[in-house]
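To start, the structure under review is shown below, and the notes come after it.
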Amino acid sequence: MVFVQITPGAVEAVTDDDHRSTERRPRGWTAPTGGPLWASVAVLLGVLLWLWASARPLGSRFVNRPATLGAISSLAALTGTVLLAMTIVLTARLRLVERGAGGLDRVYRFHHRLGAAAFALLALHPSLLAWRYAHVSWDRSAALWRPDPTDLALAAGQVALYGMAVAIAATMWCSVRHQVLLWLQRALGVLFLPAAWHALHAGGDSAERGPLRWYLGAVVALGLAALVAHTFAGRLVSPHHRYEARSVRALSPTITELWLRPLGRSMHFVPGQFAFVRFKDQPIGGEPHPYSIASAPGGELRFTVKHLGDYTAHIGEVTVGAEAVVEGPYGRFSNRFVAGRRQAWVAGGIGIAPFLSMAHALEDTGGYRVTLFYGHAGDGPASVLEELRALAAHRPDLEVVLVDEHADGLIDADLLGRHLGDLADVEFLLCGPPPMLHSLQRQLTNAGVAHHRIHFEEFGF
């Protein structure tokens, strides 16, 4: 038995099924970073800049202030449109994109940055254009902002810009339900349609049927294809699987455990990954939500859900037998995607879920030496604590350290060092509340752990 409990208390071992995983990763494989995404955007913008510069002599673009304002306005519009198309592609949950980024969480964070840049550039476009027109006529400058149903291209641009401004303001500064937030985000995707129409039909550099127009048309078509695929043909982009709820039970007043059994072919996944789950005909609504898988691969899926919002607070109302659609798997957070076999898994609260999947799927021949640290607030689900004790009792390659954070404080680098010794050669997998992730990442880095040895997923929906 390799088990440590920081706080005093009896240690009881209970039996548990010893799951095995047939999923394997290449030895020495490491998860990529988001570099390919930045490189792809750099290439796209580089081609755009080259085509824009070649469309007409540069000297004619900067002969005076109005011409300079018009040139910068045009480039801002084109760049914003290309970036907006890329944000649509990033929302489609394409496997190739996720693998290139090193995880769906990185894709979403990159999407947020790209979306902010796209909106800023699209808002800069009419502002600079109005400044340019103001040199000639204030009335013409003001006309850019007034609705004009006779000018469809201008009206399309106004609808896109004003609609985006309202949707972004609502998502950033208003307290809305999760379902409303999802609809607002979908509205941002739909507003790409009038934005693309405006970019291709409002005149300017993209009006002539030259290489720049064809390039912009191809990028817009790519964004539209991703929008249609994700919104109307999601099953063609990401695999969906049919399950039904076999068991729904409360592990604590704030945590619900669900077991889903497959209705047909089960989903294959790597321990530690997550999936989007949508329940049909249930009072909680039919929107998909992401949950870490807490079971080992093969057969049924287990999810432990903490009540964090208006949706998850009612997850316990799902009825046994309810049909569920599971989309996935996603994520690159797994001991299988880490090169080193000496690993420390650090979980806080409900962050224990992916580690339960990994622990049950540890292979006897895998050569792993794992120390699992679980920080709980003294009232952690008793069944989860007993499960961890049982795993420690039956797996010689797994040490479990339970930390009562009320009595002993938060898990920090000092505690990790006392149990692990030299931290530099250990692979750290972290899962828990964002403040815990950020604090531990900073502490481990200060303790000499290389960045590529610190692994975590972070979502902020």
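The values are calculated or read from the model by the stated rules, or taken from the named source; none is laboratory data. Predicted model, so just to flag it, every value in this text is computed and none were measured. As a convention, Cβ positions derive from the backbone with ideal geometry for all residues, glycine included, and neighbour counts pool all protein chains shown. Note: accessible area is taken over every heavy atom of the protein model, side chains too, but ligands, DNA and RNA are not part of it. Shrake-Rupley method; radii C 1.70, N 1.55, O 1.52, S 1.80 Å.
Okay, here's what the table says:
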read-out: Answer from THR304, THR312 - the residue that is at pLDDT below 95, buried (at least 20 other Cβ atoms within 10 Å of the Cβ) and within 20 Å of the chain's Cα centre (by Cα); value: THR304
read-out: Matching residues, segment 432-447, being open to solvent by less than 50 Å² (accessible area, probe 1.4 Å) and small (Gly, Ala, Ser); value: GLY432, SER439
read-out: Which listed residue, of LEU51, LEU94, LEU83, LEU37, is among the hydrophobic types (A, V, I, L, M, F, W, C), open to solvent by less than 40 Å² (accessible area, probe 1.4 Å) and at pLDDT below 90; value: LEU37
read-out: Output for segment 300-353, where each listed residue is touching a Pro at 6+ places or on another chain (Cβ under 8 Å) and of a type in the set (Asp, Glu); value: GLU300, GLU317, GLU327
read-out: Every pair of residues 6+ apart whose Cβ atoms lie under 8 Å, when the first sits in segment 53-67 and is closer than 13 Å to ARG132 by Cβ and touching a residue at least 60 places away in the same chain (Cβ under 8 Å) while the second is among the β-branched types (Val, Ile, Thr) and assigned to a helix (DSSP H, G or I); value: none
read-out: Test: residue in segment 357-377 that is open to solvent by less than 10 Å² (accessible area, probe 1.4 Å) and closer than 22 Å to PRO253 by Cβ; value: yes
read-out: GLU386 vs. criteria open to solvent by less than 50 Å² (accessible area, probe 1.4 Å), farther than 21 Å from VAL270 by Cβ and at pLDDT 85 or above; value: yes
read-out: Contacts under 8 angstrom Cβ, first residue in segment 390-417 being under 22 Å from ALA447 (Cα atoms), partner acidic (Asp, Glu) and assigned to a helix (DSSP H, G or I), 6 or more apart; value: ILE411/GLU405
read-out: Residue in segment 329-344 that is free of Cβ contacts under 8 Å to residues at least 60 places away in the same chain, of a type in the set (Gly, Ala, Ser) and touching a strand residue (DSSP E or B) at 6+ places or on another chain (Cβ under 7 Å) present; value: no
read-out: Every residue from segment 252-307 that is under 24 Å from ARG93 (Cα atoms) and among the polar types (S, T, N, Q); value: SER266, GLN273, SER292, SER295, THR304
read-out: Residue satisfying all of: in segment 348-372; part of a strand (DSSP E or B) and within 25 Å of the chain's Cα centre (by Cα); farthest from ARG93 (Cα to Cα) among these; value: LEU372
read-out: Residue list for segment 337-347, filter: within 29 Å of ALA92 (Cα to Cα) and open to solvent by less than 10 Å² (accessible area, probe 1.4 Å); value: VAL338
read-out: Output for segment 292-327, where each listed residue is among the aromatic types (Phe, Trp, Tyr) and more than 16 Å from ARG249 (Cα to Cα); value: TYR311
read-out: Hits in segment 66-97 (condition: polar (S, T, N, Q) and closer than 19 Å to ALA196 by Cα); value: SER73, SER74, THR79, THR81, THR87, THR91
read-out: Those residues of segment 82-133 which are small (Gly, Ala, Ser) and within 20 Å of ALA218 (Cα to Cα), in sequence order; value: ALA85, ALA92, GLY115, ALA118
